[in-house]
Structures are given as C-alpha cells and as structure tokens.
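For reference, the structure is listed below as structure tokens.
Just so you know, all these numbers are worked out from the coordinates, no wet-lab data involved. Quantities reported herein were computed from a predicted structural model and do not represent experimental measurements. Glycine gets a Cβ as well: all are built from the backbone with ideal geometry, and neighbour counts include every protein chain shown.
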Amino acid sequence: MRYLPMTQPDREAMLAVIGAATIDDLFVDVPEAARLDGPVRELPMHASEMAVERHMSALAKKNLTAGEAPFFLGCGAYKHHVPASVDHLIQRGEFLTAYTPYQPEIAQGTLQMLFEFQTQVARLLGTDVANASMYDGSTACWEAIVMARRITKRGKAILSSGLHPHYVSVANTMAKFTGDVLDTTAPELVADMDLDQLIAKIDDDTSCVVVQYPDILGRIADLRPLADACHAKKALLIAVVTEPVALGAITSPGEMDADIVVGEGQSLGVGLQFGGPYVGLFGCKDKYVRQMPGRLCGETVDADGRRGFVLTLSTREQHIRREKATSNICTNSGLCALAFSIHMTLLGEAGLRQLAEVNHAGAVSAAQRLSQIPGVELVNDSFFNEFTLKLPTEARPVVRTLADRGILAGVSLGRLYPGEDALANGLVVAVTETTTAEDVETLASALQEILA
Amino acid sequence: MSINQSGWRPTAPEANTGGVPASVTGNKALMLEEALIFEIGDTHTTGVDFEFLPGTGRGTIRRMVEGAVRERAVLGKPPSTSCAGPPPRAGEDRLAGLSRTAPIGLPGLSEPETVRHYTRLSRQNYGIDLGFFPLGSCTMKHNPRLNEKMARLPGFSDVHPLQPVDTVQGALEVIHQLAHWLVTLTGMTSVAMSPKAGAHGELCGILAIRAALEAKGEGARKIILVPESAHGTNPATAAFAGYSVEDIPATAEGRVDTAALKARLGPDVAGVMITNPNTCGLFERDMREISDAVHAAGGFVYCDGANFNAIVGRVRPGDLGIDAMHINLHKTFSTPHGGGGPGSGPVVFSEALTPYAPLPFVENRDGQFVLVEEETAGEHHAGSFGRMVAFHGQMGMFTRALTYILSHGADGLRQVSEDAVLNANYILRSLDDTLDAPFGPSGPCMHEALFSDSGLAAGFSTIDIAKGLIDEGFHPMTMYFPLVVHGAMLVEPTETESKAALDQFIAALRSVAERAKAGDPSLKTAPHFAPRARLDETLAARKPVLVWKDPAPLAQAAE
C-alpha cells in the first residue's frame, strides 16, 4: 500500500524488540468479541491512485459548477476570482502539513501569518483586535452571542430579521440548550432595514443586538444609531459581515461603534467548496479581548531578544481551563485563514477598493437590467453586490427551471425560508467581478421568457 | 595558477581561523528572515490586475464588457455587444451614503513579493512533509497529495452550497458515500456529517444526548462524567452544553476506574465521555461493561474518537455499546492539519440517538440524493436537535477523506491501525529503559506511547527534552498531557513512518533524555538551531500585542 512504508521484515524485527509474537498480541486488551477477524466485510479493498481518481472524477462531473454557468448565487457564500498564487502557496507542505503552532520556535511561519491575519481582519472589520479565526461565520456569530452574555451577564439577544437564516438556526439550536433567550423574526420584502424596530426592542435584559451588514437581502444601513441605542442600555452591538469584500466600499461596523464584529471570510481566497471549509472572522474592542473565544497570536521576543510570535492568552482556552474555558473550540480554520490573508495581501487596500468598486458597479447595472423585466421589482434601496428581486410568481420553481437551462440564477427566499409565504417571490441575486455583462443578459432574457 | 584570465578556480575549502561572522541582514544562508507585510507593503500597491480603469465610472463597465467579450471570443462563442446598462455615476451609487472615507490600512504586495513573503514564512515551519511529527493525540500522518488534487476538481471546489440539488448530485453522493464508510467502519447506525471539527463533533454528540433525555422526560439529568485523562475539549464541551462536569478517577494502570464510575451512576447522570483508546495510550478493556452500566442507569455513552486511528478496521466502536462518537477526519483520515485547521468532525450515532441527530443530512431516495433540512425534517426526523452550522459541513474535507478511504480500502485501513500500534509499541519498548513509562507494565499500548519526566535532573522538565528534540530535527511529542502523568510526553508515531525514521528518533530521544538526566545545561537553552530561541510567553500574555500598530511618526516620536 503506497502510504505505508513498513516492510514485512521490518514488522517482524520490531515485534521481536517488543517481545510480541504477532500483531494480534498488541490488541490483547480489546475483548475477544469486539475484535474483527479480517477487513470489514461490506467494504471494498484498496485501490490504485488511478482508480480512485476515476471514481472521484466521475462524481465531480455530476455537478454543475459555478464556472460553467451564468452564476448569481450569494447569501453567505460568494464566487470571487482567487489569484493562482494563493492556492500554490497554501499547498506548500510547511503550511499544509503543520499542526497548531504549539512549538513556536519551529512554527514562526504559521504564527507570523496569523499575526498578520489578525491585523488585516481587525482593520477590515474596524475593530481593535481580531482572533486567529473560527470555523465559519455562523459559529462565530453564536460565539459572539455567548461572549456578549459573559460580558453583560444578561441572557437575551435580539437578532435582526436580516440575519442569515442559517445563522439564526444555529443560534436557535444552541440557545435551546444554554437557556439564552433569542428574539427572532423573518425579514420583510421592503426597501430598507428597519433599525427602529430593533431599537425599540432593546431593554435592560438585552445582552446584545445582532445585525447583518449588508443583510440577507443585501440591504445596507448606518449602524451608528443602533450602536448608540445598545450602549444606552449597556447592551452590545454585534455586527455580522458575510461578504467581506463589501468593506472595501462601505464603512466598517467597527467604525460605527459595533462592539463585536464577526464574519464569514470565504470570499477571499477560499472558494465556494459546497459550503466548507470556510473561515470565521472574529474581532472586538480591546476591552473585551479576555472574553474572546478561539486562538490568539501575540508578539513577543525570544531569548536572544529577536521578535517572534506565540499563541497567547491561552488561559481562556479549553486545554488549560477545561470546563471553565470561554469556548470548547480547539481546531480553527488555519489554512483558510492563510488563503484569506494571502489574497488580502495580493489585493492590498488599493486592490480591495477596486475589487469592491467592480462588484458594486456590476451589481448596480445588473439590478437596473433585471428590474426592467415586466413584473420584476427591485426590493432594495441600498445594496453592495447582492440585491433582492420580487418576482410576480414564486421564485423557487423559477430558479429550478433556470437551472435546467444551465443558469444558476440566485437564491430563492423560498429555499431559505420555507413556509414564509410573504417571502416566496423573493430572489436574491449576487453579482461579482466574475459576472460578465453577457451573463446578466442571459439571465435577464431567460427570466423574461419564463415570466411571460 | 588560474585556468583563464578571469581568475576562476574550483573551490577548495580552507581551515576556519577567523570565527563565524554575523550577517548584516540577520539571514543565515537558506534561513531567511522576513519582515511583516505592514513593514514591506503599502496601501497603494496591488498584486491583482482588474479588467477596468480604476477611478472612472463609465470606463469601468465598458472595460468589463470588453474583457468579457475577449474571453468569450477566445472560447469560440459569438461576442456579445450588449451592455448591461449604464454604471452608477458619482453620487449615484447604492451604498446608502456609507461609502468608505477613512483609509483601512491594508498593505499590498506585488505578486512576486507575495510569493516570496509566504515562501520565506513557510520555511520557518516544521511540517509532516519535512520530518517526523509525533504529536500524541494529533495523528500527524502523511497527507496524500491525491486528496488535494481531488478536492480541487471544479465539480467539488466550485459549487455553491445553495444550488438546486439537481445540480449538485455528485457532491451529495460524496457525502453519502463517506457517510456509508464511516457508519460501516464504526458499526453504528447513522452519522451527522456537518460538525466542523472534533470539539464541534463532541458538542453535536452531547446535544443529541441532551435532546434524547429531554424527549424521555429526563431533562433533570445534569451531570456528565469525564475521566481526568480526557482532552480539555470534553469538559469544555459538556459545560458549553449546560452540564456540570465530574471527574472519574483512573486506576493505577491508567484506565477508567470502572467500580468508581459505576458507583457514581444515578438519576442525575446524563452520560459519560470516554476516550477510547484513552489518552494514556491504552484500550479501555471494560468499555462494554461501562456502556451497559451507563445504559442501565438511564444515561448515554459518548466516546471521544480522536484516537480512532489505533483501531480503525480492527474494532468497531458500535460493538462496545457506545451511543455517539466523533471522528476527526483530519486525524484518522489524513486530511491536512493546515497549521491548526480546518478540521472536520462527523459524529456517528447509535440507534437510540439517531432520531435526535442534527440537520442537515443526505438521503438516497431511489438513486436521487436529497438534502434533508428544516423544511422536510418534520416528515420523518422531527426529533432532530437542529442545525449546528450554516450549509452542509466541511465538503473540502469530505472529498479528501473519501479519496483516502477509497485508496486504503477495508484491508488497507486495517493495516493502518496495525502499523500505527506496532510503531508506538516499538517506541515504548525501545525507550522504557531510559525514560519512565508509567503504564509500561500495564501491557501493550495502542497507537501512542506515554512517558513521564520522572528521573530527570533537578530543574529539568519535559519542555527541555522537547526543545532538545527540535535541535535534533524532530517536532516534539505532546507535552504535559494527559494531566494524570507528571511531565507527560505522549508520542504518537502513526503508521506512515518507516522503521529507519523511528530508529533515528529513538536514538535522538535517548540522547536528549540522557542529557536531561545528567543535567546538561545546554539543554535548558535549547533549541539552538531553530529560527528562534525559546520565546517569552509570559511577556506575550502580560502585555498582549495582538495586532500590528504603525510606529509613531518620526516628528511625534522625537517630542
């Protein structure tokens, strides 16, 4: 077997050193009844590299890829162009096959990268600090809610109706067990986010308000009044960013005084990957750093006085604090954080702003074109690279019909909010730098034809 | 005498009489220092070209369209001349008046500078590709590159999680095939694929247990029993899920004290979390008996599957009576650790817990693969405790793990655990004359060998041995874990090491251990040959510097 270097004479020589007659003698502590006498019967035997490649390629071919079709899906996962050097660099064995940097003297590569990543993320989100990544945006969002409870010692969180429904669903699942009270509502197909409604709900039991920016329908709102209202009641404002490229064009939540900003970093470097692995972003104000979940990398010096980096504040973490830890998280999303960081370094501020400009310009023209179709209305007043259309009919079957024609038209709100009849005609359309004008025209004509 | 007029001659080394000079750069030949991107980049540089002229409104879209036309024309399609409409003019954007005004402070590098920056950083890392990485409980085995190649097939890597299910049948089939392997290898009933890592899998298992108890009207059970030797994630997970944690003592031979555990069972105990094989590297012989006792007392058994590599293909945890177990695909099934993730932690369930497993999951209905989510769960999975994560889990890890599993097959996986256990026992018995092996007399170990710091010279500890190993070219073993052994050194070789590699490691560890026993002071300052000497972790925690701050401007600094 190609992954096993041991030879039969090696095995015999080693058994002799151990003083065991056979391999079975090493499994003597496994009760007889639980020992299998041979390979698991229902499963196939080993296969050559060529055979496995054939098998996997056949499965891959059964999917319609984003690159093969006019493609307009977003809602928490975006198709962006990832420069070729990103994937080359993350496949360097010293990054790919390293472990968590618990031995800092021989892990400065990972550690310096994490320090750079933390700084890039903090600057992008507008927070003082950021951690070394979380699993993804949805779990980062829940961790932020729990962190707000630890800080405020209050158990009620108000979730904006514009928060991604999967993020709401994750929070609902966890809250059932932790006893946190969540105030949630489904969104309405209206032009603007209703921050006043959120503000009216804040009371003395509120630990935090969670608001997505831009929200699930693509809408953008100034968060400052909401932050002020939260702080007036000593509650925290948590902002969730699922499209970090947007922050190249619009003011960051941290600049608008959000206390904790979390996000999904998939847009930069990571790719669609059918939903994972992605990379959770997590930043906050300095004063809350010791309540943060997840790993943190910090600067220090070595015995010779040279600058170096280590994992730090680990007294918050499970391997030291066990049941008193701020979170049970151990593994993070290191390699995706690396991809994010490399992509961000290639872009730089100038590139990120240009990328955001291209995205927004494309979305504006696509919104104009699509809303010219008879019966189709643009819901949003504001948006970045994603907006919601209201169709004259249920959007879900329309999306399926368009998929049959090789067009991936967007995310129907019927898929995201099954059973919410008022949302059934909603279609969320994302436009990025990968979308061509021809793609938009293809979608527009097909949509017009289907709706006629 | 020179060979030509340039003065060239073949080199011939001369004896060094002048000592070793320090380099002005701080570099040492192949070992290159690298500054931070904030020190070498600036906010005007970008390593990415765009298909438009920056800063111009109308030109933006025209160039995009031209770019698109070019591309399509190359592909042989008729070029489209239609324009998607006029772009926003200045002041006509749709950004709600929130356009960025302040600078962000993100440095950019050109592509060659970027490639060099990260290549240089990578060379300051140790990885499995470079050498032996015997971190106990982490299963640092070879990461096959076929896995990487398969995960990058566009059919897997370039697919959106919310595409209509008819367009992602192959992706769903991957999840379904991997699920089938995991259920069959463990002898369990079902598997939840969505947990993002091991600790997330633990949470999944514990939430299913709690949901099952609540469904039976037994929500009053508030205690989870966890052995002292457990991974820190176990008690942290139980606490996160709202349980109180109580320790179970260990026997002198390093196993769970079955009698003490049984004595503690009662109507307040929700379940136990047991790692098997345990973190002392031993198989819990009484696992079946423990499971039966816990079930008889109305509780459930969670098994931490971090050490599944020791038994894969030889023992099915389902035969030991457990109810839930997470499987770290980044350990047993060779997906890369990536410097700390991403992982993937599917959880297998017994029949009793299956109705409570989380959403979503994939079902095969007459050859059509269906994603069961909130919408349809009510039909036949109404007991589910809900969703743990956006979308469907770590697809990129599923493709890698399935590729690995198909490569090994049932026979290869059995050989994996055999060689992993053989290698660990070889290390244990080759070194137990030099290092204290507290549970050596308990019999064979499983896939990891445990030593203590007993017998080292005064003032010397496990960390000195670890740092000494770095100088010998190895990644150290896990240190100070499990907590039940003083100065623990947990060595997990995995099956992908050759005997020659093990022999070299054994010789190195023997030498370093002997130096520690003899009180060699040079070991206290090791490593001497690494990119950095020992780092000041105390300073890092006392005055945390977690982000880079621009140095004060010169004028200001001078004041």
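Taking 4 °C and 1.567 mPa s as conditions, chain A diffuses translationally at an estimated 53 µm²/s according to Stokes-Einstein applied to its Kirkwood radius (Cα pairs). For chain B, the 222 nm mean residue ellipticity estimated from helices alone, with every DSSP H stretch of n ≥ 4 adding -39500 (n - 2.57) and the total spread over all residues, rounds to -10500 deg cm²/dmol. Between B:I248 and B:V226, B:E228, the built amide H atoms are under 5 Å apart, and every one of these is 5 or more places off in sequence or on another chain.
Here the Karplus curve 6.51 cos²θ - 1.76 cosθ + 1.60, taken at θ = phi - 60°, turns the phi angles of region A:159-176 into couplings of 9, 5, 5, x, 6, 3, x, 5, 5, 5, 4, 4, 5, 4, 4, 5, 5, 3 Hz, with x standing for Gly and Pro. For region B:397-533, pairs of C-alpha atoms spaced more than 27 angstrom apart make up 27 percent of the total. Using the Cβ-Cβ distance between A:D404 and B:H486 with R0 set to 60 Å, the FRET efficiency works out to roughly 0.35. Looking at chain A alone, DSSP beta bridges between its own residues are antiparallel in about 60 percent of cases. Legend: mean number of C-beta atoms from other chains within 10 angstrom of residue C-beta atoms, peptide A:61-71, equals 6. Within chain A, which is the longest segment containing none of the trypsin sites (Lys or Arg not before Pro) that sit in a DSSP loop and have at most 10 other Cβ atoms within 10 Å? Between exposed loop sites, the widest span is A:154-452.
Placing one equal scatterer on every Cα of region A:86-189 and applying the Debye formula, the log10 ratio I(q)/I(0) at q = 0.20, 0.21 Å⁻¹ is -1.05, -1.10.
Evaluated with a Cβ-only charge set (Lys, Arg +1; Asp, Glu -1), region A:1-69 carries a dipole of roughly 460 debye about its Cα centre, given to the nearest 20. For the pair region A:322-373 / region A:144-161, the C-alpha centres are spaced 25 Å from each other.
Expressed to the nearest 5 percent, the antiparallel share of DSSP beta bridges inside the protein assembly as shown is 60 percent. Each residue of region A:205-222 was assigned a 3J(HN,Hα) from its phi angle through the Karplus curve 6.51 cos²θ - 1.76 cosθ + 1.60 (θ = phi - 60°); the sequence is 9, 6, 7, 6, 10, 10, 10, 8, 8, x, 8, 4, 8, x, 7, 10, 9, 5 Hz, with glycine and proline shown as x.
Over region A:337-452, the pair-distance histogram of Cα-Cα distances with 5 Å bins from zero comes to 2, 12, 20, 21, 17, 11, 8, 6, 3, 0 percent, rounded to whole numbers. Placing dummy labels 7 Å off each Cα toward the beta-carbon, the span from A:T7 to B:N27 is 4.2 nm. Taking only the alpha carbons of region B:209-336, we obtain Rg and Dmax values of 14.1, 42 Å in that order. Using only the Cα atoms of chain B, build the gyration tensor, take square roots of its eigenvalues as a ≥ b ≥ c, and label the shape rounded, prolate or oblate: rounded if a/c is under 1.5, else prolate if a/b is larger than b/c, else oblate. It is oblate, given that a/c is not under 1.5 and a/b is not larger than b/c.
Computed FRET efficiency, Cβ-Cβ of B:A457 and B:T525, R0 22 Å: what is it to the nearest 0.05? With R0 = 22 Å, the Cβ-Cβ based efficiency is 0.90. The loop-placed trypsin sites (Lys or Arg not before Pro) in region B:471-559, going by DSSP, that have at most 15 neighbouring Cβ atoms within 10 Å of their Cβ come out as B:K549.
Evaluating 6.51 cos²θ - 1.76 cosθ + 1.60 at θ = phi - 60° for every residue in region B:369-375, the Karplus couplings come out as 8, 10, 9, 8, 10, 3, 4 Hz, glycine and proline recorded as x. Residue separation of B:S110 and B:K216 scaled by 0.36 nm, minus their Cα-Cα distance, works out to 32.0 nm of gained length. Charges were assigned to the Cβ only: +1 to each Lys and Arg, -1 to each Asp and Glu. The resulting dipole of chain A about its Cα centre is roughly 620 debye. Neighbour counts of C-beta atoms inside 10 Å place A:H55, B:H475, B:H330 in the sequence A:H55, B:H475, B:H330, starting with the fewest. Between A:D192 and A:A422, the modelled label-to-label distance comes to 1.8 nm, taking each label 7 Å out from Cα in the direction of the beta carbon. One Cα centroid belongs to region B:191-242, the other to region B:283-356; the line between them spans 12 Å. By the helix-only formula, in which each DSSP H run with n ≥ 4 contributes -39500 (n - 2.57) and the sum is divided by residues, chain A has a 222 nm mean residue ellipticity of -11500 deg cm²/dmol. Approximating the spin labels as points 7 Å out from Cα along Cα→Cβ, the B:T101-to-B:R510 distance works out to 7.3 nm. Among the GluC sites (Glu not before Pro) in region B:335-374, none is located in a DSSP loop while being surrounded by at most 10 other Cβ atoms within 10 Å of its own Cβ.
I'd like the trypsin sites (Lys or Arg not before Pro) in region B:218-276 restricted to DSSP loop residues with at most 16 other Cβ atoms within 10 Å, sorted by number. Passing both the DSSP loop test and the Cβ count: B:K222. In region A:237-337, taking the dipole from charged Cβ atoms about the Cα centre, the farthest positive-side position among A:G308, A:Y278, A:S252 is held by A:G308. The shape of the protein assembly as shown can be summarised by an equivalent ellipsoid whose semi-axes, obtained from the alpha carbon gyration tensor, come to 45, 35, 28 Å from longest to shortest. About the centre of its Cα atoms, region B:447-532 shows a dipole size close to 300 debye [charges on the beta carbon of Lys, Arg (+1) and Asp, Glu (-1) only; nearest 20 debye]. Among the residues of A:5-18, the average count of other protein chain beta-carbon atoms within 10 Å of the residue beta-carbon is 5.
For chain B, DSSP calls about 55 percent of its internal beta bridges antiparallel.
In plain terms, the chain from A:T178 to A:D25 could stretch by 50.5 nm, reckoned as 0.36 nm per residue minus the Cα-Cα distance. Calculate, for A:S57 and A:Q448, the FRET efficiency according to 1/(1 + (r/R0)^6) with r their C-beta to C-beta distance and R0 56 Å; round to the nearest 0.05. After rounding, the FRET efficiency stands at 0.90.
The mean count of C-beta atoms from other chains within 10 Å of the C-beta of residues in A:110-118, rounded to a whole number, is 6.
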